[in-house]
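**Q** There's a structure below that I have some questions on.
The values are calculated or read from the model by the stated rules, or taken from the named source; none is laboratory data. Keep in mind it's a predicted model, so treat the numbers as computed, not measured. For neighbour counting, all protein chains shown are included, and Cβ atoms are generated from backbone atoms with ideal geometry for every residue, glycine included.
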Amino acid sequence: MAMNANLSVIGCGYLGATHAACMSSLGFTVVGVDTDPEKVAMLSRGELPFYEPGLDTLLAQEIKSGRLTFTTDFSAVAESDVHFVCVGTPQSKDGLAADLTYVKSAVAAIAPYLKDGSLVVGKSTVPVGTAQSLRKQLAESAPQADLAWNPEFLREGFAVEDTLTPNRLVVGVANDRAEEILKDVYAPIIALGTPWIRADLPTAELVKVAANSFLATKISFINAMAEVCEAAGGDVTVLANAIGYDPRIGSRFLQAGIGFGGGCLPKDIRAFMARAEELGAKQALEFLREIDAINLRARQRVIDVVRSDLSENLTPYKLAVLGATFKPDSDDVRDSPALDIAAQLHAAGAHVVVHDPKGIEPARKRFPNLNFAETVTECVKGADLILHLTEWSEYRALDPSELGHLVKNKIIIDGRNALDRELWRRAGWKFHALGRTD
């Protein structure tokens, strides 16, 4: 496939906008299609409807090049050779399973415009069996086209890097031709030495949810150890450091705290459990229920620490929450542990003020009753207690001595085990961190 081949990207949210801009930067002509006119208008101006480091510059550059365009018109895909489906698969409103409405609609919407020999490539995270089902659907509605699955492994904050220099490329295909087309599309990335993994359709679907389940397990494991350390008088940070030296375990994702959130891990492990039950393999993933429970329990443990430091009745107190997003270098507040804790403390009667470098507007949309501050100074002024809940670098750089002059009480809970405990204590602060006894 020549580099001047045309690509389409269906769904221009976080995944789709990133993929479209990155594919354009490789020299392809790309059209992004989305049903949201406002989003399309923003992207067409070279503006992002979300925050992702480096992507804004790349998007503006590719729009200016003329290779990248966005539209709400599905017929615009008629000249494309390869079509990437990047729509969302949220958790169903009535259960744990993934809602496949957008994926099915996307494939149905482009089917009338698919030309001979074109390839539809799913990138969305879906329950195993979805790709084969869609391939059969496509065989009836557009027999001239084929379908493959190429799961994404983006980390928010590193999306451009993970697209252009991924640690592996996984492609689920039903024949050699589909693999060759994808090899041509990804040729510049393969040339960098990126591992190429060919799989069947079900395995490609399972790779993504298996990877997310493993990460969730690792995070919940160290949070479970934090609970035991607190009960036994141990220090989970020393424990994590010690076991992390074992190459079979590794040190990544062993930072105890308030757990995982975001738009992927929580809903993906729940959808995986639901699908396993449908397949008759419910027992194989029963452990994920406890992983989910440990994760949610970590949030409650922070609230318990707040009450033990102040009072069961939180009404008289001002609490300063540093962080609203589920992770730093993102404006994503979906299933954010930080924002959930802030909302629960507000519901308990506390006067809660939240600061975040990038997540204030998304957080305000989700919880309009919370109070938000544009600066850390405004957030912590007169606070009875500070909660550090998202590990933004600017929070790690705060001077505890300076902050001490602004607050009412020098009490801080480090929900991410990311601050220098001794530095804060030397400045006269009462310092709490999950899994570390005083």
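**Q** Restricting attention to the stretch 351-365, which residues are under 27 Å from residue 421 (Cα atoms), surrounded by fewer than 24 Cβ atoms within 10 Å (Cβ to Cβ) and touching a Leu at 6+ places or on another chain (Cβ under 9 Å)?
**A** Listed by number, the residues that qualify are 351, 353.
**Q** Can you list residue pairs whose Cβ atoms sit under 7 Å apart, with the first residue in the stretch 64-85 being at positive phi and the second being small (Gly, Ala, Ser)? Count only pairs 6 or more apart in sequence or on different chains.
**A** From residues that are at positive phi, there are no pairs.
**Q** Only one of these conditions is not met by residue 391: (1) closer than 23 Å to residue 224 by Cβ; (2) in contact with a Phe, Trp or Tyr (Cβ under 9 Å, 6 or more places away or on another chain). Which number is it?
**A** (2)
**Q** Here are some conditions: (1) surrounded by 19 or more Cβ atoms within 10 Å (Cβ to Cβ); (2) touching a strand residue (DSSP E or B) at 6+ places or on another chain (Cβ under 8 Å). Residue 223 meets all but one. Which one does it not meet?
**A** Among (1) surrounded by 19 or more Cβ atoms within 10 Å (Cβ to Cβ); (2) touching a strand residue (DSSP E or B) at 6+ places or on another chain (Cβ under 8 Å), residue 223 violates only (2).
**Q** Scanning the stretch 272-314 for residues that are assigned to a loop (DSSP other than H, G, I, E, B) and among the hydrophobic types (A, V, I, L, M, F, W, C), which turns out surrounded by the most Cβ atoms within 10 Å (Cβ to Cβ)?
**A** Our first condition is that a residue be assigned to a loop (DSSP other than H, G, I, E, B); within the stretch 272-314, this holds for 279-281, 286, 310-314.
Among the residues that remain, those that are also among the hydrophobic types (A, V, I, L, M, F, W, C) are: 279, 281, 310, 314.
Values: 279: 13, 281: 11, 310: 17, 314: 22.
Only one residue fits best here, namely 314.
**Q** List the helices (runs of 4 or more DSSP H) inside the stretch 144-194, counting only whole elements, that have at least 1 residues being surrounded by 21 or more Cβ atoms within 10 Å (Cβ to Cβ) and at pLDDT 95 or above.
**A** Numbers: elements: 159-164, 176-185, 187-190.
Where helices (runs of 4 or more DSSP H) fall fully within the stretch 144-194 and carry at least 1 residues being surrounded by 21 or more Cβ atoms within 10 Å (Cβ to Cβ) and at pLDDT 95 or above, they are 159-164, 176-185.
**Q** For the stretch 122-163, which residues satisfy the criterion of being farther than 18 Å from residue 200 by Cα and among the basic types (Lys, Arg)?
**A** 155
**Q** Among the residues of the stretch 112-130, how many are hydrophobic (A, V, I, L, M, F, W, C), modelled with pLDDT under 95 and either within 26 Å of residue 28 (Cα to Cα) or in contact with a Leu (Cβ under 6 Å, 6 or more places away or on another chain) (or both)?
**A** Taking the stretch 112-130 as the starting set, the residues that turn out to be hydrophobic (A, V, I, L, M, F, W, C) are 114, 119-121, 126, 128.
Then keep just the ones that are modelled with pLDDT under 95; that gives 126, 128.
Applying the additional criterion that residues be either within 26 Å of residue 28 (Cα to Cα) or in contact with a Leu (Cβ under 6 Å, 6 or more places away or on another chain) (or both) yields 128.
So the count comes out to 1.
**Q** If you don't mind, another one. Which is surrounded by 15 or more Cβ atoms within 10 Å (Cβ to Cβ) and under 30 Å from residue 25 (Cβ atoms), of 263, 244? Steps first, please.
**A** Numbers: 244 fails: under 30 Å from residue 25 (Cβ atoms).
Of the residues listed, the single one that is surrounded by 15 or more Cβ atoms within 10 Å (Cβ to Cβ) and under 30 Å from residue 25 (Cβ atoms) is 263.
**Q** Which numbered condition in (1) in a strand (DSSP E or B); (2) touching a helix residue (DSSP H, G or I) at 6+ places or on another chain (Cβ under 6 Å); (3) not charged (D, E, K, R) is the only one that residue 134 fails?
**A** Among (1) in a strand (DSSP E or B); (2) touching a helix residue (DSSP H, G or I) at 6+ places or on another chain (Cβ under 6 Å); (3) not charged (D, E, K, R), the lone unmet condition for residue 134 is (1).
**Q** Here is a check on your reading of the model: is residue 207 under 26 Å from residue 328 (Cβ atoms), at pLDDT 95 or above, touching a strand residue (DSSP E or B) at 6+ places or on another chain (Cβ under 8 Å) and crowded, with 16+ Cβ neighbours inside 10 Å?
**A** Working: under 26 Å from residue 328 (Cβ atoms): no; at pLDDT 95 or above: yes; touching a strand residue (DSSP E or B) at 6+ places or on another chain (Cβ under 8 Å): yes; crowded, with 16+ Cβ neighbours inside 10 Å: yes.
Here the answer is no, as residue 207 does not meet what is asked.
**Q** Out of all the residues in the stretch 76-87, which are assigned to a loop (DSSP other than H, G, I, E, B) and either among the acidic types (Asp, Glu) or within 16 Å of residue 30 (Cα to Cα) (or both)?
**A** Within the stretch 76-87, the subset assigned to a loop (DSSP other than H, G, I, E, B) is 80-81, 86-87.
Correct list: 80, 81, 86.
**Q** Hey, another quick one. If you go through the stretch 315-328 one residue at a time, how many are crowded, with 20+ Cβ neighbours inside 10 Å and assigned to a loop (DSSP other than H, G, I, E, B)?
**A** So the answer is 7.
**Q** Considering only the stretch 88-101, state which residues are surrounded by 18 or more Cβ atoms within 10 Å (Cβ to Cβ) and either free of Cβ contacts under 8 Å to residues at least 40 places away in the same chain or not in a loop (DSSP other than H, G, I, E, B) (or both). Write out each step before concluding.
**A** Taking the stretch 88-101 first, the residues surrounded by 18 or more Cβ atoms within 10 Å (Cβ to Cβ) are 88-89, 91, 97-98, 100.
Selection gives 91, 98, 100.
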